[in-house]
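The next block holds one structure in the form of C-alpha cells; read it before the comments.
The values are calculated or read from the model by the stated rules, or taken from the named source; none is laboratory data. Only a predicted model underlies this, so the values are computations on that prediction, with no experimental measurement involved. Here the Cβ positions follow ideal geometry from the backbone for every residue, glycine too, while neighbour counts run over all protein chains shown. Surface areas here come from the heavy atoms of the whole protein model, side chains and all, with no ligands, DNA or RNA. Shrake-Rupley method; radii C 1.70, N 1.55, O 1.52, S 1.80 Å.
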Number of protein chains: 2
Amino acid sequence: MAATASNKRVILKRYVTGLLSEDDMEVVTTEVPPLAVVPAGSEAVVVKNLYVSCDPYMRNRMTRHEVPSYVSDFIPGEVLANFGVMRVISSGHPDFKAGDLVWGITGWEEYTVINNPESLFRINHPKLPLSYYTGMPGLTAYAGFFEVSKPKKGEYVFISAASGAVGQIVGQLAKIIGCYVVGSAGSDEKVSLLKTKFGFNDAFNYKKEPDLEAALRRYFPEGIDIYFENVGGETLDAVLPNMRLGGRIAACGMISQYNLERPEGVKNLFYIVTKRLRMEGFLVFDFYDRYYQFEDEMARYLKEGKVAYVEDVVEGLDAAPAALIKLFTGRNVGKQLVAIARE
Amino acid sequence: MAATASNKRVILKRYVTGLLSEDDMEVVTTEVPPLAVVPAGSEAVVVKNLYVSCDPYMRNRMTRHEVPSYVSDFIPGEVLANFGVMRVISSGHPDFKAGDLVWGITGWEEYTVINNPESLFRINHPKLPLSYYTGMPGLTAYAGFFEVSKPKKGEYVFISAASGAVGQIVGQLAKIIGCYVVGSAGSDEKVSLLKTKFGFNDAFNYKKEPDLEAALRRYFPEGIDIYFENVGGETLDAVLPNMRLGGRIAACGMISQYNLERPEGVKNLFYIVTKRLRMEGFLVFDFYDRYYQFEDEMARYLKEGKVAYVEDVVEGLDAAPAALIKLFTGRNVGKQLVAIARE
C-alpha cells in the first residue's frame with residue numbers, strides 16, 4: 001500500500017473583492033495519507049468525489065467577513081467546499097460502508113475525509129442520473145416555493161434567473177400545481193429553453209428590455225402574486241410596483257449583487273407597505289427535514305417526465321474555477337456542475 | 001332654519017411634489033345645505049367633526065398616482081379626509097341617531113355628510129379622552145405588532161419613530177408581554193419621553209448617532225428579533241445587519257421617504273436571505289375585524305395605567321396644515337391631531 005496518495009484540489013488563493021476571477025483560485029496537487037483505511041477509533045468517512053456543484057453563494061464565502069456570515073468563510077490556501085455526489089471508499093461510521101453513494105458537503109478535490117458523516121445523505125434513487133444529486137437546488141426550489149411562497153392554483157408567478165439550477169425547478173413545480181409562470185433569463189437560448197423544455201407560459205430576455213418594470217407590466221397585466229427572487233437589485237425594484245396585493249417574495253438569492261463592492265440600492269420598498277407584501281428569505285439548510293419527502297416526490301416527477309432538468313457540466317477540477325465564474329457572467333445554461341470522476 | 005350653513009374646511013390646493021408645504025393646502029369657508037336634516041330617503045349621516053388625525057400616509061394621497069395606490073388620491077379643490085372623532089347631528093341610517101359619538105373617516109372640516117355610515121365605528125368607552133379615538137394608530141400598533149411581528153416574551157424589539165402615534169403603543173405593548181424594547185426618535189425630549197413615560201428599556205436620538213448601524217449594535221449586542229419599521233431608507237439599511245436569524249420586520253410606514261422625489265436605495269437587503277428574515281407590510285384596514293377586541297383590551301390598559309398615550313393637539317382647522325407638516329419635520333411630540341371643536 002502506498003505511503004501517501006495524490007489529491008488534486010481547488011484552493012482559494014486570496015480573499016476576493018469585486019468580480020471573481022480565475023486568479024483568485026488555484027488548482028494544486030497534494031500528497032495525502034492513504035485513503036483506503038480510516039484511522040482506528042475515528043468515525044470519519046473517506047469519499048471519492050464524483051460531482052461537485054457550482055453555486056452563487058460560494059462567492060460570498062470568498063470574502064472575509066468581520067461579522068460571521070451564515071456559512072463560514074473560505075480560507076486562503078485551503079480547499080473550496082460545496083455540495084457534491086460521492087462514493088464512500090472507507091468508513092469508520094456504522095451507517096456507511098465502502099461503495100455507498102452519498103451526497104452532501106465535500107471538498108473541491110478528488111478525495112475528501114468527511115469528519116462529520118451525519119451530514120451526509122444517502123442516494124435512494126441511484127437509477128436517476130447521479131449528477132442530479134449535486135447540491136441543493138431541487139430542495140431549495142421545493143422548499144422555497146411551497147413553504148415560503150405558499151402558492152395557490154391560478155396564481156401569477158415570476159422567476160428571475162429562471163433557467164438556473166433553482167429557477168427551472170421552481171417554474172416546473174409552479175406549472176404542476178396550476179400557476180401561470182413567466183421567467184426571465186439573460187439569453188435567447190435560455191428563453192427558448194424556458195418556453196419549450198420547461199413549459200413556462202412565457203419568458204423573456206431581460207437584456208433586451210430597456211424598461212424592466214414596463215416589461216413586467218406587459219407580461220403580467222394582472223400583476224404578480226409570487227416573485228421567486230434569485231437576482232436582487234434593479235430586478236427587485238422593477239418587480240415591486242408590479243406585485244399584487246398580498247403578494248409574496250421568496251428571497252432565495254441576489255446574484256446580481258455578489259460581485260459588487262457596494263450593492264445597488266432598492267428604491268421601491270414602500271410597496272411592501274402599500275401592497276401588504278411579504279418578503280421572506282430562506283436557506284435550504286432550514287429544510288433538511290423535508291429532504292426525503294422531496295426526494296421521493298421529485299424522483300417520481302422525473303421518472304414520469306413531468307420535470308425536466310438541464311445541467312451544464314464541465315469535466316475535471318482544472319475546469320472548475322472557470323465554471324464557477326460562468327455563474328456570474330450568465331454563460332452557464334442550466335445547473336452548473338463539475339464532473340470530477342465519471343464511474 | 002337657515003337656508004344654508006357655513007362650513008370651514010381644509011382643501012388640497014394642488015398636487016404635491018417634494019416637501020409638503022402650507023401653500024399646498026388652503027383653509028376656506030363654504031356654504032352648505034342645512035345640516036340638521038338628512039334628505040328623505042337618504043341613509044347618510046351628518047356629523048360634527050370634533051377631532052381629526054394627522055397621519056403620514058396623507059402625504060402619499062397628495063401626489064397624483066398614474067397607477068392607483070392603496071387609497072384614492074386627494075383631488076385639488078376638494079376637502080382633505082382622514083380618521084376623526086365625530087358627533088352625529090342627524091341621521092338617515094337606522095344604526096345611528098343624533099347625539100351618537102362615532103369615529104371613522106371624515107373630512108377636514110366642521111361638518112361632513114357621511115354617505116356610507118357602515119364605515120363608522122361606535123365609541124364604546126366615552127369616558128376615555130375622546131381624542132384617543134382619533135384614527136387608527138392604536139389598532140395599527142396592535143395588529144402590526146401581534147399579527148405581523150408575532151412576538152415572543154424575551155425578544156428584542158426595535159422601534160423607529162418610537163414616540164410617534166404608533167411607535168409609543170407598540171413599545172408599551174411589547175413591554176407588557178415581556179420584550180426588551182429600544183426606540184429611536186429625533187430629539188432628546190422624545191428620547192426622555194420614551195424612557196420615562198413609556199417605560200422603554202432604552203432609547204436614543206438618531207440625529208446624534210453618526211453611525212446608526214454601530215449604534216444599533218451597541219443597543220442590541222444580541223441583535224434584533226423584531227423591527228417595527230416606521231421610517232425606511234437608511235434606518236432600514238442600518239437595521240438589516242443587526243437583525244437576528246429568523247427576525248421579523250413589520251413594515252408599517254417609511255416616513256423618511258414620503259417627501260423625496262427619488263427614494264433612498266436600501267442596500268443591505270441580502271441579509272433577508274442570509275438571516276432568513278421576514279419583512280411584511282400591512283395596513284390597518286386589513287384588521288378592522290379585530291377592532292372591538294382591540295378597543296376593549298386597550299381601554300383596560302389605559303384605565304389600569306399600563307399604557308400611557310401622548311398627544312400633540314393643535315386647536316382649530318386654521319392650524320391643521322401646519323400640524324400635518326410637523327409630522328415630516330419631526331416637530332410633533334406624540335400623536336398629532338387637530339381639535340376642530342371641543343364639547
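See the values below:
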| quantity | calculated |
| --- | --- |
| Residue list for the stretch B:271-286, restricted to those being at the interface with another protein chain (Cβ under 7 Å from one of its Cβ atoms), crowded, with 20+ Cβ neighbours inside 10 Å and not basic (Lys, Arg) | B:Ile272, B:Val273, B:Thr274, B:Leu277, B:Met279, B:Glu280, B:Gly281, B:Phe282, B:Leu283 |
| Residues located in the stretch A:234-263, provided they are at the interface with chain B (Cβ under 9 Å from one of its Cβ atoms), open to solvent by less than 10 Å² (accessible area, probe 1.4 Å) and over 19 Å from the mean Cα position of the chain (by Cα) | A:Leu236 |
| Test set (1) farther than 27 Å from A:Thr329 by Cβ; (2) touching a His at 6+ places or on another chain (Cβ under 9 Å) - A:Leu35 fails condition number | (2) |
| Residue pairs meeting the criteria (Cβ under 6 Å; at least 6 apart or on separate chains; first β-branched (Val, Ile, Thr), in the stretch A:23-46; second surrounded by 13 or more Cβ atoms within 10 Å (Cβ to Cβ) and not in a strand (DSSP E or B)) | A:Val27/A:Leu317; A:Val38/A:Ala44; A:Val38/A:Gly92; A:Val45/A:His93; A:Val45/A:Phe96; A:Val45/A:Pro117; A:Val46/A:Leu35 |
| Selected residue (criterion: nearest to the chain's Cα centre (by Cα)) from residues of the stretch A:206-233 that are closer than 20 Å to A:Gly334 by Cα and buried (at least 17 other Cβ atoms within 10 Å of the Cβ) | A:Asn230 |
| Residue in the stretch B:73-90 that is under 29 Å from B:Ala251 (Cβ atoms) and touching a Lys or Arg at 6+ places or on another chain (Cβ under 7 Å) present | yes |
| Residue match in the stretch B:313-322 (condition: more than 14 Å from every other protein chain (Cβ to nearest Cβ), closer than 21 Å to B:Ile159 by Cβ and open to solvent by less than 30 Å² (accessible area, probe 1.4 Å)) | no |
| Pair list, Cβ < 7 Å and 6+ apart or interchain, from the stretch A:269-293 residues that are among the basic types (Lys, Arg) to residues that are open to solvent by 10 Å² or more (accessible area, probe 1.4 Å) and part of a helix (DSSP H, G or I) | A:Arg276/B:Asp286 |
| Within the stretch A:242-271, tally of residues that are at pLDDT 95 or above and outside any strand (DSSP E or B) | 1 |
| Complete set of residues in the stretch B:1-16 that are outside any strand (DSSP E or B) and either polar (S, T, N, Q) or open to solvent by 40 Å² or more (accessible area, probe 1.4 Å) (or both) | B:Met1, B:Ala2, B:Ala3, B:Thr4, B:Lys13, B:Arg14, B:Tyr15 |
| Cβ pairs under 9 Å, 6+ apart, first in the stretch B:123-146 and under 15 Å from B:Tyr288 (Cβ atoms), second in a loop (DSSP other than H, G, I, E, B) and among the aromatic types (Phe, Trp, Tyr) | B:Gly138/B:Tyr309; B:Thr140/B:Phe282; B:Ala143/B:Phe282; B:Gly144/B:Phe282 |
| Residues satisfying the stated conditions in the stretch B:296-314, i.e. within 25 Å of B:Val333 (Cβ to Cβ), of a type outside the set (Ser, Thr, Tyr) and out of contact with any strand residue (DSSP E or B) (no Cβ under 8 Å at 6 or more places or on another chain) | B:Met298, B:Ala299, B:Leu302, B:Lys303, B:Glu304, B:Gly305, B:Lys306, B:Val307, B:Ala308 |
| A:Val52 vs. criteria in the same structural domain as A:Val102 (by TED's automatic domain parsing), touching a helix residue (DSSP H, G or I) at 6+ places or on another chain (Cβ under 6 Å) and part of a strand (DSSP E or B) | no |
| Some residue of the stretch B:17-28 being open to solvent by less than 50 Å² (accessible area, probe 1.4 Å), farther than 30 Å from B:Glu343 by Cβ, touching a helix residue (DSSP H, G or I) at 6+ places or on another chain (Cβ under 6 Å) and of a type outside the set (Val, Ile, Thr) | yes |
| Residue within the stretch B:197-209 that is more than 11 Å from every other protein chain (Cβ to nearest Cβ), touching a Ser or Thr at 6+ places or on another chain (Cβ under 6 Å) and not aromatic (Phe, Trp, Tyr) present | no |
| Whichever residue in the stretch A:44-61 is in contact with a strand residue (DSSP E or B) (Cβ under 9 Å, 6 or more places away or on another chain) and either within 14 Å of chain B (Cβ to nearest Cβ) or open to solvent by 30 Å² or more (accessible area, probe 1.4 Å) (or both) and, among such residues, is farthest from A:Val28 (Cα to Cα) | A:Tyr57 |
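Conditions tested, residue by residue: (1) touching a Pro at 6+ places or on another chain (Cβ under 9 Å); (2) of a type outside the set (Phe, Trp, Tyr).
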| position | (1), (2) |
| --- | --- |
| A:Glu213 | yes, yes |
| A:Tyr219 | no, no |
| A:Asn230 | yes, yes |
| A:Arg244 | no, yes |
| A:Tyr258 | yes, no |
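Results for (1) modelled with pLDDT under 95; (2) in a helix (DSSP H, G or I), shown as yes or no for each residue.
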site	(1), (2)
A:Ala299	yes, yes
A:Lys303	yes, yes
A:Val314	no, no
A:Ala320	no, yes
A:Arg331	yes, no
